[in-house]
Protein chains: 2
Amino acid sequence: MNLSIKQKLKEIVGEENFTDDLIELVPYAYDASDHDHRPEAVVWPTHKEQVSQILFLANAHRFPVTPRGAGTGLSGGAVPVQGGLMMDLSKMNRILDMRIADRQAIVEPGVVYADLENALTPHGFFFPPDPSSSSVCTLGGNVATNAGGIRGAKYGTTRDYVLGLEVVLPEGQLIRTGSNCIKSASGLDLTRLFVGSEGTLGVITEITLKISPKPFAIKTASASFSNLGDAGQSVIEIIRSGIIPSALELLDENTIRVLRDQGKMDLPQVTAMILAETDGYTDGEASFQMDKVIEVLKRNHATDIRIARSTQEAEDLWKIRKSIGSIAAQLRTHNVSEDVTVPISKIIDLMTGISNIVHHYGLPFVIFGHAGDGNLHPRIMYDRSNPEQVEGLRKAVEEIFKLTCQLGGTLSGEHGIGLAKAPYLPLEHDSMNLNLMRAIKKLFDPNHILNPGKMNL
Amino acid sequence: MNLSIKQKLKEIVGEENFTDDLIELVPYAYDASDHDHRPEAVVWPTHKEQVSQILFLANAHRFPVTPRGAGTGLSGGAVPVQGGLMMDLSKMNRILDMRIADRQAIVEPGVVYADLENALTPHGFFFPPDPSSSSVCTLGGNVATNAGGIRGAKYGTTRDYVLGLEVVLPEGQLIRTGSNCIKSASGLDLTRLFVGSEGTLGVITEITLKISPKPFAIKTASASFSNLGDAGQSVIEIIRSGIIPSALELLDENTIRVLRDQGKMDLPQVTAMILAETDGYTDGEASFQMDKVIEVLKRNHATDIRIARSTQEAEDLWKIRKSIGSIAAQLRTHNVSEDVTVPISKIIDLMTGISNIVHHYGLPFVIFGHAGDGNLHPRIMYDRSNPEQVEGLRKAVEEIFKLTCQLGGTLSGEHGIGLAKAPYLPLEHDSMNLNLMRAIKKLFDPNHILNPGKMNL
């Protein structure tokens, strides 16, 4: 990117929305993954026309453009691995409309998840995918990565809530996909082709989201297990019983120990814990489901079953789950968080397998995740300055991915593929599938300027 | 298709699974729409390898292939408008697996919706999209058209339940898309590109469906309105109140009159009726929601509110809604059924507009539909041998589509575009959008052999 290009970028977005100062570029080398690469410049577009002009320019001069929201991604999707221009969309952050009777919220991509949540709450509605980074992550990033969260088993992921998009294609043309209706069967589904495409097919400039009424009756409980198999059998039997808890979280013994030792939490010395939440309009509905859950847990030898009797007690139980990330992060400077996902009935096979693999390489780890949709988050700690540990981590992660695919699983339940998982995509998808994805990428982005190096495209 | 091609087809599928007898070709000229065109031959493949070989042959000799399930489509999607080969997938009708704890059913495309429903019922699970042709339609057709049904507002449409597919691409290659997990954020979403693609991008040979627990507590009610605006305001206020009824059906005054006069039903002389259903695990949950619905209905001057006190009474209320299709069909030999859909708050604008348009052309009609997701089904009767009525119908339908798009709507909520709506697609999607759809079609099907003439591709 020479001076003339930089000058043109300044003309497009204005001096105040451009930088190539080293000190300002450094934070844009990172997202929340373990990867980094510095861009040559950063722009903060404030209007879709600017996005269009920038991409037009990028095609004319063949420089890479990496779109980015809050940079909370865990797979390196927003790391500008080939340099070039970083396009930060966080200034396009207006909630354009909330049409409650139409069950729609229309937003710009830079709106923070929590800001939409706060705006919807007075209406009794919410946008259900609830990533753990919800206080800072942007909706554009949620759509680009098809983000999920703790309530995915019952409420699905971002994909299920995107009705339509306005997108600037890689060559600069603006298109609208989908519709303003709750349902549509009109034409090829371009909308969901963009959802989860991680900024490789276009830059999202407007999102029409489906919103849902927020349940107000909630029951929360936790249970402990001395036998991991009993925890897994509980998950299977809960689903088979026809109850889909709004959350069904599983914690391994390392997680429990870390929370007890580092987090000073009052937790038993057990092999596994389950946290469950049920919901509905009425207390009776939430209780009916929770009673079934408790019945299953007891039948499978759960101990220390705690049922929250108040909002405060429920919050205390959730604090256990929500503290894991920050407490685990303190254990060692570097760590990676995966989101491997398998069919629900295979969750214990995956957990046991991951434990054995990481154990073999002698790295500290915790495993927790969303058992209700088969999604585990192994978090592996290591020292990046120690080549042996770096290599051990690489091998462990590769083995985890292989195991996941052997169990019929997917490399990513909710974080996306990005940079981190790109080399492993052939483990999950056959070459015909990958070739078709690449052909679509080429069709949309013939000069390969938009977020290159991601998703094995 | 010359004799040598026909001979090769016989070799692929066996003599018993091929025909070019006129008497057997005739029914394959039709689906449930108002369009027809006879194929030159029909094959009934029984295995994906046969599908692959047929498409390979079709590319070598450039003959069109039209895939088809039960032929219940209402948009002409399965009418072989350019002749060639009809590929009837109804013999690939095995339920391959039901993994209840994984929330999955794996089926071949020819499985009838009701057969899967019957197989899932003992487990307490169901596949929620519930097209009114459920007793005969096939799941392959449901996926190809992204079929919906009465419970779409609460449970969504087919798209929300397809986890993965096995597809034979137009040139004969077999690919697997998606995963066996409840959620995945791995690679471009090819699965949903095939969902709703109406057999233009590939032939589906296996479907992995997400299944859900079937609610067992249900409340049903009906209400009448002398003022259409009150009915519309009720719909708006029900959604705003945070209740998403599992069904919220709206009937116009013509529908009510036809049911009363032709169907001999005990119905009041009113302008509109609403049928509502709420559900949950518990009676209390279903009642809580129904109480809110009734409250809204009363506030908006509903009369003759009937609440079903038994399963029999509920069935009697549903009989009203479910009889419409067959009773209206008796009114005149020919009729078309549309599925225009608008944002929920615009449902009365659409209903009034349609009434005015069809009235203007002097054709008998009824309008009913799924108010909970903004989807109306105007059914217009006409005499196909009367050129004036044929032309009136054409103009009326075009004006209905224009009005729908002016109201921010979509040409199709659940039937698909097919042949019938193909010319009108530019009313809804801009040229950039259509060009991108066509480019994708060309990428998948360079020789344009698969279901040509559909969806304006």
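The values are calculated or read from the model by the stated rules, or taken from the named source; none is laboratory data. What you see is a predicted model; the values in this text were computed from it and never measured. Backbone-built Cβ (ideal geometry, glycine too); neighbour counts: all protein chains shown.
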Can you go through B:LEU9, B:LEU55, B:LEU25 and tell me which one is within 30 Å of B:GLU391 (Cα to Cα) and surrounded by 15 or more Cβ atoms within 10 Å (Cβ to Cβ)? B:LEU25
Under the condition of being in contact with a helix residue (DSSP H, G or I) (Cβ under 6 Å, 6 or more places away or on another chain) and farther than 17 Å from A:GLY453 by Cα, which residue from the range A:423-439 is surrounded by the most Cβ atoms within 10 Å (Cβ to Cβ)? A:GLU428
Complete set of residues in the range B:36-45 that are out of contact with any Pro (no Cβ under 6 Å at 6 or more places or on another chain) and surrounded by 19 or more Cβ atoms within 10 Å (Cβ to Cβ): B:ALA41, B:VAL42, B:VAL43, B:TRP44, B:PRO45
Residues satisfying the stated conditions in the range A:358-406, i.e. part of a strand (DSSP E or B) and under 18 Å from the mean Cα position of the chain (by Cα): A:ILE367, A:PHE368, A:GLY369, A:HIS370, A:ASN375, A:LEU376, A:HIS377, A:PRO378, A:ARG379, A:ILE380
Number of positions in the range A:414-453 that are closer than 20 Å to A:ILE175 by Cα and touching a Lys or Arg at 6+ places or on another chain (Cβ under 8 Å): 3
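Residue-by-condition table, conditions (1) assigned by TED's automatic domain parsing to the domain that holds B:GLN233; (2) surrounded by fewer than 15 Cβ atoms within 10 Å (Cβ to Cβ); (3) touching a residue at least 12 places away in the same chain (Cβ under 8 Å); (4) not hydroxyl-bearing (Ser, Thr, Tyr):
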| position | (1), (2), (3), (4) |
| --- | --- |
| B:LEU317 | yes, no, yes, yes |
| B:SER337 | no, no, yes, no |
| B:THR341 | no, no, yes, no |
| B:LEU350 | no, no, yes, yes |
| B:GLY353 | no, no, yes, yes |
| B:ILE380 | no, no, yes, yes |
| B:PRO387 | no, yes, no, yes |
For helices (runs of 4 or more DSSP H) lying entirely in the range A:111-186, having 2 or more residues that are over 17 Å from the mean Cα position of the chain (by Cα) picks out A:113-120
Every residue in the range B:124-148 that is closer than 23 Å to B:ALA217 by Cβ and small (Gly, Ala, Ser), please. B:GLY124, B:SER134
Kindly indicate the residue of the range B:117-170 that is more than 26 Å from A:LYS210 (Cα to Cα) and without any contact (Cβ under 8 Å) to a residue 40 or more places away in the chain and also surrounded by the most Cβ atoms within 10 Å (Cβ to Cβ) among those meeting that condition. B:VAL167
Among residues of the range A:399-422 being touching a helix residue (DSSP H, G or I) at 6+ places or on another chain (Cβ under 7 Å) and more than 7 Å from chain B (Cβ to nearest Cβ), the residue surrounded by the fewest Cβ atoms within 10 Å (Cβ to Cβ) is A:LYS402
Inspect the range B:225-236 for any residue being of a type outside the set (Lys, Arg), under 19 Å from B:HIS370 (Cβ atoms) and under 23 Å from the mean Cα position of the chain (by Cα) and give the result as yes or no. yes
Out of (1) closer than 30 Å to A:GLY408 by Cβ; (2) in a strand (DSSP E or B), what's the single condition that is false for B:THR46? (2)
Residues that are within 20 Å of B:ILE175 (Cβ to Cβ), assigned to a helix (DSSP H, G or I), among the aliphatic types (A, V, I, L, M) and modelled with pLDDT of 95 or more: does the range B:21-39 have at least one? no
Total residues in the range B:12-22, condition under 28 Å from B:ILE207 (Cβ atoms) and surrounded by fewer than 16 Cβ atoms within 10 Å (Cβ to Cβ): 2
Within the bounds of the range A:272-295, is there any residue that is more than 14 Å from chain B (Cβ to nearest Cβ), touching a His at 6+ places or on another chain (Cβ under 7 Å) and either crowded, with 18+ Cβ neighbours inside 10 Å or under 30 Å from A:ALA422 (Cβ atoms) (or both)? no
Name the residue that is farthest from the other protein chains (Cβ to nearest Cβ), counting only residues in the range A:97-110 that are of a type outside the set (Val, Ile, Thr) and outside any strand (DSSP E or B). A:GLY110
Among B:GLN262, B:GLN312, B:GLN289, the single one that is farther than 22 Å from B:ASP230 by Cα, touching a residue at least 24 places away in the same chain (Cβ under 8 Å) and of a type outside the set (Phe, Trp, Tyr) is B:GLN262
For the range A:77-86, state whether one or more residues are buried (at least 18 other Cβ atoms within 10 Å of the Cβ), touching a residue at least 12 places away in the same chain (Cβ under 8 Å), of a type in the set (A, V, I, L, M) and not in a loop (DSSP other than H, G, I, E, B). yes
Selection over the range A:328-347 where residues are among the aliphatic types (A, V, I, L, M) and at pLDDT 95 or above yields a count of 4
Quick check: anything in the range A:208-227 within 23 Å of B:GLY178 (Cβ to Cβ), in the same structural domain as A:LEU120 (by TED's automatic domain parsing) and among the hydrophobic types (A, V, I, L, M, F, W, C)? yes
Residues of the range B:300-357 being in contact with a Pro (Cβ under 7 Å, 6 or more places away or on another chain) and not in a loop (DSSP other than H, G, I, E, B), in sequence order, are B:ASP304, B:ILE354
Within the range A:193-211, how many residues turn out to be surrounded by fewer than 24 Cβ atoms within 10 Å (Cβ to Cβ) and facing chain B (nearest Cβ under 7 Å)? 1
For B:LEU425, which of the numbered conditions (1) facing another protein chain (nearest Cβ under 8 Å); (2) in a loop (DSSP other than H, G, I, E, B) fails to hold? (2)
Residue ID - farthest from A:ALA101 (Cα to Cα), chosen from residues in the range B:238-271 that are surrounded by fewer than 21 Cβ atoms within 10 Å (Cβ to Cβ) and touching a Lys or Arg at 6+ places or on another chain (Cβ under 6 Å): B:LEU267
Looking at the range A:245-300, which of its residues are over 29 Å from the mean Cα position of the chain (by Cα) and either farther than 24 Å from A:SER345 by Cα or in the same structural domain as A:ARG151 (by TED's automatic domain parsing) (or both)? A:ASP266, A:PRO268, A:GLN269, A:THR282, A:ASP283, A:GLY284, A:GLU285, A:SER287
Restricting attention to the range A:212-228, the residues that are away from chain B (no Cβ under 14 Å) and either modelled with pLDDT under 95 or farther than 22 Å from A:GLU313 by Cα (or both) number exactly 3
